[in-house]
Amino acid sequence: MLTYLIQAVWLGLVAAAQPGPFQTYVISQTINNGWRRTLPTAFAPLLSDGPIIALVLLVLSQVPATFQNVLYIAGGLFVLYLARGMVRAWRAFDPAAQGELPPPQHGVVKAAFINLLSPNPYIYWSLVTGPILIAGWREAPANGIAFLAGFYGAIVAGFMTIILVFGLARRLGPKVNRTMLGISALALAGFGLFQIGRGIAGWIGG
């Protein structure tokens, strides 16, 4: 169970740090409305991800267990692709562009709707977290529950951290965002290699 919990926390933090429509929305809300008014939006994934998980797991549960290894490798390659994009964003980081964000909108429900329409959670659950959740649940339901709890505890904490950091952006400066991009890129690359290795090992062992 501990292995799945550690993976879940790591993936949850990486998912929160991953650039995308929802993260951009959260940042724009923080910059425009302050961290106190924006903090509830960190819980939006708890509202939006239920249908996404149900849809993805319905599909994944129909494939043979050996096909999970293919998904691990595909997920690892996808994560490495995300890491490559974050490295590019880190290199091309422009502090002046941090204010160029869309106008803010209000409400946790609105934030959940934005996340529901974003492609990121569908891809993430199809290629990365979904196969791990299925594998853990097949070993023991407690593993699957621990994975879900760890993942969403970490992703909510991650978004809260982002909100607080950008709420203090005027004091801390834009270097904080660039540092977060660099750390996220390293974390993504490391997990991508881990996923590929796990898929290859399962394929050979199977």
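The values are calculated or read from the model by the stated rules, or taken from the named source; none is laboratory data. For clarity, every value in this text was computed on a predicted model and none was experimentally measured. Cβ atoms come from the backbone with ideal geometry, glycine included; neighbour counts cover every protein chain shown.
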Exercise for the section: Scan the helices (runs of 4 or more DSSP H) fully inside segment 74-185 and keep the ones with 3 or more residues being surrounded by 15 or more Cβ atoms within 10 Å (Cβ to Cβ), at pLDDT 80 or above and in contact with a Phe, Trp or Tyr (Cβ under 9 Å, 6 or more places away or on another chain). Expected result: 130-139, 141-167
Handout entry: Members of segment 19-45 found to be closer than 24 Å to Ile145 by Cβ and either surrounded by fewer than 20 Cβ atoms within 10 Å (Cβ to Cβ) or modelled with pLDDT under 75 (or both), listed by number
Key = Phe43
Handout entry: Residues located in segment 53-70, provided they are in a helix (DSSP H, G or I) and at pLDDT below 85
Key = Leu55, Val56, Leu57, Leu58, Val59, Leu60, Phe67, Gln68, Asn69, Val70
Practice task
Could you check Gly50 against (1) part of a loop (DSSP other than H, G, I, E, B); (2) modelled with pLDDT of 75 or more and say which number it fails?
Solution key: (1)
